[in-house]
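Structure first, commentary second.
The values are calculated or read from the model by the stated rules, or taken from the named source; none is laboratory data. Keep in mind that this is a model prediction, so the values were computed, not measured. We place every Cβ from the backbone using ideal geometry, glycine too, and count neighbours over all the protein chains shown. Only protein heavy atoms, including side chains, enter the accessible area calculation; ligands, DNA and RNA are left aside. Shrake-Rupley method; radii C 1.70, N 1.55, O 1.52, S 1.80 Å.
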Amino acid sequence: MDVQSRELTVTYKIVPPPSAVAPPSLSQEAAHRFPITSLPDLESQDDTESELKKYYTSLRASIAEARTKLGGELTAWRDAVGNAELGKEKSVKTEVDDEGEEEENTEE
C-alpha cells in the first residue's frame, strides 16, 4: 500500500506600514504545517467508508487548528498596526460607495 503523508500548509508575509511598531514577538513571515491523516489506497480496503470518515475528520481538525492559529497571529498584527491602516480602508469604502451611487443614478 502506497500512502503519501498529507498536510495543510499556510504561509503568509506581513508588510506593516512604516509607522507601525510591532513587538519583537511578532514575526512578519510565517509558515505553518498541519498534518492530515493520510488517505489509504481505497481500492484494497474493505472498510472504505470508515477510512474516509477518519480522513475527513482529520482534515476538519487540521483546518480548525490552522484557522485558530492564523486567527490569533493575524489579530495580534491587527492590534500592533492599530490605526495606521484606517486611511486605506476609508478610501476603498468611499470608492465603492461612489460607484454604487452612479449605478443608482443611471437606473433612474
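Remarks
- Applying a threshold of 6 Å to beta carbon distances and a minimum spacing of six or more residues, or different chains, the list of pairs starting in region 59-84 at a residue that is touching a residue at least 24 places away in the same chain (Cβ under 8 Å) and ending at one that is surrounded by fewer than 11 Cβ atoms within 10 Å (Cβ to Cβ) reads A84/S19.
- Residue count, region 8-49 (criterion: within 29 Å of G72 (Cα to Cα), among the aliphatic types (A, V, I, L, M), in contact with an Asp or Glu (Cβ under 9 Å, 6 or more places away or on another chain) and at pLDDT below 85): 1
- Residue match in region 50-67 (condition: at pLDDT 85 or above, assigned to a strand (DSSP E or B) and open to solvent by 90 Å² or more (accessible area, probe 1.4 Å)): no
- Answer from E89, E73, E85 - the residue that is in a helix (DSSP H, G or I), surrounded by 10 or more Cβ atoms within 10 Å (Cβ to Cβ) and modelled with pLDDT under 65: E85
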